[in-house]
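Rule-based calculations on the coordinates, nothing more; no lab input. Since this is a predicted model, take the numbers as computed values, not measurements. Counting neighbours? That spans all protein chains shown, and the Cβs are built from the backbone with ideal geometry, glycine included.
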Amino acid sequence: MLKTAIKFQGSQAELSGLLEQQDPESKAFVLFAHCFTCGKDFIAASHISKALVAAGFAVFRFDFTGLGHSDGDFANTNFSSNVEDLIAAANYLETHYQTPSILIGHSLGGAAVLKAAAQIPAAKAVVTIGSPADANHVKHLFACDLNTIDAQGEAEVNLGGRPFKIKKQFIDDLDAQNTEHINNLKKALLVMHSPVDDTVSINEAEKIYVAAKHPKSFVSLDHANHLLTKKSDAAYAAKVIATWSEKFIDVDQSAPVKKAKVPDGQVRVTEVDHKFKCDIQTASHQWIADEPLKVGGSNLGPDPYQHLLAGLGACTVMTLRMYANLKKIPMENVTVNLSHNREHGEDCLSCSDEFPKVDVINRTIEFEGQLTQEQIGKLLVIADKCPVHRTLHNKIEVRTGLR
């Protein structure tokens, strides 16, 4: 299993997330929202995620603002900020990986994904587990403190054995919520609930189901408690989700491109999905190129310009390492960051005026180690002499033929 710790900007602060997948070629990406005051590592989130990953899905779960390993103050959050955190997580996945096709929410997290779904248009399916229809339902957890919160503006309440500060703005935000968005969901919905749930009544599942339009399904989590603390209950929920969702998500049913016999020194590129996804092979390696979702791709691999930048970056690092080892320069590590853009000729002081626009690659190099200024200067000179750098500065002629 591949695990990637991720930091991204949420509604108020930097949030901590975890992406789990068997391999980069997952069936679909899942965004998981945990229960109220829980966290991404809570037992239900962890068990369901692992079971979905085993079924071929990539699952991203994160701590809401002020919880777990995420920054921010929980006292300044509310249901609306949780929804904003979810949208920020979906945007991060779209930019860096792939837009989530499935949104899963446990308890209040289910109410949050129902609310956020309209602002994640690429998501095809929504799953709620032990969720209330209305976020306002959570107030029963601190009903005895509502008068204090109203009178003093805040109160410290005990939730799950831990103290949390609840402010009046949190209550006001809950009071402003409704269920109209469920009727306008326009996505496939799976409602999962236990009839013996003593935290959120199964009547809430009925409200969600009745409010939603088809396609919708209900599955009873018989004998499971609200937090799905039994691994078998979480595994069952994940198995049902995996089977149910495949009807609604865009799963690439085509077989992977077989490894071809590619001569040394050549690169073979062939299309896969008749959109932008390409299979790339060399004599020893095979990988994917694609375009971002915003231009019609599936974002399953780097785009062509990212491949170009990667080639220059890799060549730069290799050349610097060879030189540092040869000259016994104590360079412990080197990192190269690159970006590409197009500039007007007048904005590029080092470019000729022959072209109205020029392609510019910005490359920044970061060295680690006890290096003198003289050594750094020599390394920077060597960076400009890497073979790919020189190729890009030469006149390049591309000859196209028909095979």
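Couple of notes before you dig in:
- Rg [Å, one decimal], Dmax [Å, integer] - segment 267-403, C-alpha atoms: 18.2, 53
- Computed from label points 7 Å out along Cα-Cβ, the spacing between Ile202 and Trp287 is 5.1 nm.
- Residue of His69, His285, His137 that the Gaussian network model of the chain assigns the largest fluctuation, springs spanning Cα pairs under 10 Å: His285
- DSSP beta bridges fully contained in segment 182-281 are about 45 percent antiparallel.
- Compactness of the chain is given as radius of gyration and Dmax, 26.0, 80 Å, from Cα positions.
- Ellipticity estimate at 222 nm from DSSP helix runs (n ≥ 4, -39,500 (n - 2.57)) divided over the chain, nearest 500: -9500 deg cm²/dmol
- Calculated FRET value between Glu180 and Phe218, using beta carbons and R₀ = 22 Å, to 0.05: 0.60
- For the peptides 260-266, 156-162, the ranking by packing is 156-162, 260-266, with the highest mean count of neighbouring Cβ atoms within 10 Å listed first.
- Efficiency of FRET from Cβ geometry, Lys259 and Arg399, R₀ 35 Å, rounded to 0.05: 0.80
- Paramagnetic label zone (point 7 Å from Cα along Cα-to-C-beta, Thr229; backbone N under 20 Å) in segment 143-182: 158-164
- DSSP beta bridges confined to the chain are antiparallel in about 60 percent of cases.
- Residue separation of Lys357 and Asn147 scaled by 0.36 nm, minus their Cα-Cα distance, works out to 69.1 nm of gained length.
- Listed by number, the DSSP H helices of the chain that run 24 Å or longer by alpha-carbon position along their axis and have mean Kyte hydropathy of at least 0.5 are 304-326.
- Packing around the peptides 61-68, 206-213, taken as the average count of other Cβ atoms within 10 Å per residue, puts them in this order, highest first: 61-68, 206-213.
- Within the chain: Cβ-based charge dipole about Cα centre, in debye rounded to nearest 20 (Lys, Arg +1; Asp, Glu -1): 1500 debye
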